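Derivation of every value follows stated rules applied to the coordinates shown; laboratory data play no part. It should be emphasised that the depicted structure is a prediction, and the values quoted were computed from it without experimental measurement. We place every Cβ from the backbone using ideal geometry, glycine too, and count neighbours over all the protein chains shown.
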Amino acid sequence: MVAAVTAAMASAALAQTPRLVTEEMMVPSADAGIEIYVRNKRPADMTSFRADRTILYVHGSTYPSHTAFDLQLGGQSWMEYIAARGYDVYLLDLRGYGKSTKPKEMSEKPDANPPIVRTDTAVKDISSVVEFILKRRNLAKLNLLGWSWGTTQMAAYTAQNPNKVERLVLYAPQWLRTTPTLIGGSGPIAAYRIVRKDQARDRWLNGVPEDKKADLIPAGWFEQWVDATWATDAEGMKSNPPTLRAPNGTLADTAEFWSSGKPYYDPAKITVPTLVIGAEWDRDNPAYMRAALFPLLVNSPGKRYVELAEGTHTIIMEKNRMKLFEAVQAFLDENGKSY
């Protein structure tokens, strides 16, 4: 009975969701031959655009944006959730990820080149996309949302371009690391790494209590995500079992900055309202990182810190995902209020 009522309520909620339109485009980067995949979703009847209702999302170290932020789990993606609330929503896949251009080094052996797509390069790609959106919508600013390594990119961009950012959301942010990273290993860092599906699941569930693992990810959701994500790497799909190639620039930056006690950016230079949010079972970027970062945002007006229960680094695709969506939405919807 309870399940039937819940299903009926979910159906009713979806029925009330405004019709959304989707556009896909390739945006030239600052480097010749590199194009960045961008997706846009917004209400079909949206005719005017505002800085406080425009947002751009970027992914983390290993997986592209579009297979997580716009993955329809339970009938709706996070991208659609935000768009349905009157927002003009964008995502991008950095070069080397998803549907964006793969750098030439990815067609060579991993150890033939140094790590590719470092954070400086990622911020450059974000800058190209931000400029594209601002020009497209005739805006001066927009909101930025990053996940994991994406928080470093978005925070660094905001510190460098405070006049172009309305609000900043840092979901599972990186900060100075005192625990081992869950990706990479010892020895020289290659241009890119190769990831198997079973490795992705093991990393996802790292840190989850044994008695909580079975129902953390609703049935079929992991398979839906992993199949969509691995399908973005045609070369990796030729392997048996299928693999995914991911640029290693992020590992080089972790070694040079985060694991060496050196911040990549200065939080004091962020002068816009900022949300720091994460979940308790995150072992990729544990809670101590965001707890240390938050007090350093000394010039962020109306800053907010939210810690979510019973979730991992990937709570975006877990049973408690709505808690993430709701907390971020509440922060975004405060746009226009003064402090």
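Fully extending the segment from Asp45 to Glu223, taken as 0.36 nm per residue of separation minus the present Cα-Cα distance, adds 60.7 nm. Please give me the summed charge of the neighbours of Pro286: other residues whose Cβ is under 14 Å from its Cβ, Lys and Arg +1, Asp and Glu -1. That works out to 0.
Look at the dipole of the range 18-332 built from charges on Cβ: of Tyr305, Ser259, Leu332, the Cα furthest out on the positive end belongs to Leu332.
Note: relative contact order over the range 152-289, using C-alpha pairs below 8 Å and six or more positions apart, is 50 percent. Whole-Hz Karplus values for the range 262-267 come out as 10, x, 6, 9, 9, x Hz, taken residue by residue from phi with 6.51 cos²θ - 1.76 cosθ + 1.60 and θ = phi - 60°; glycine and proline positions read x.
Centroid-to-centroid, using Cα positions, the range 158-214 and the range 262-339 are 15 Å apart. Across the range 48-59, rounded Karplus estimates of 3J(HN,Hα) from the backbone phi angles (6.51 cos²θ - 1.76 cosθ + 1.60, θ = phi - 60°) give 10, 10, 10, 4, 6, 10, 10, 9, 10, 10, 9, 8 Hz, Gly and Pro being marked x.
Exceedance of the 26 Å cut-off in Cα-Cα distance is limited, within the set Lys104/Lys124; Lys102/Lys213; Lys102/Lys124; Lys109/Lys197; Lys41/Lys212; Lys104/Lys238, to Lys102/Lys213; Lys41/Lys212. For Leu56, nonlocal amide neighbours, meaning residues 5 or more places apart or on other chains whose placed amide H falls under 5 Å from its own, are Tyr90, Asn143, Leu144, Leu145.
Neighbour counts of C-beta atoms inside 10 Å place Tyr87, Tyr305 in the sequence Tyr305, Tyr87, starting with the fewest. Within the range 72-113, what residues put their amide N at less than 19 Å from the label point 7 Å along the Cα-to-Cβ vector of Arg196? Correct set: 110.
Remark: the chain carries a charge dipole of roughly 560 debye about the Cα centre, counting +1 on each Lys and Arg Cβ and -1 on each Asp and Glu Cβ.
Entry note, the chain: the mean residue ellipticity at 222 nm calculated from DSSP H runs of n ≥ 4, each adding -39500 (n - 2.57), is -9000 deg cm²/dmol after division by the residues and rounding to the nearest 500. Computing Rg/Rh (Cα atoms, Kirkwood Rh) directly from the structure and comparing it against [x] 0.94; [y] 1.27; [z] 0.96 singles out [x].
May I ask for the Rg/Rh ratio of the range 270-317, computed from Cα atoms with Rh as the Kirkwood radius, given to two decimals? Looking at the range 270-317, the ratio lands at 1.01.
Other residues lying with their Cβ under 14 Å from the Cβ of Trp78 contribute a combined charge of +1, Lys and Arg counting +1, Asp and Glu -1. Residues in the range 191-206 carry Karplus couplings, in order, of 4, 8, 10, 10, 10, 9, 5, 5, 5, 5, 5, 4, 5, 4, 8, 4 Hz; the curve used is 6.51 cos²θ - 1.76 cosθ + 1.60 with θ = phi - 60°, and Gly or Pro positions show x.
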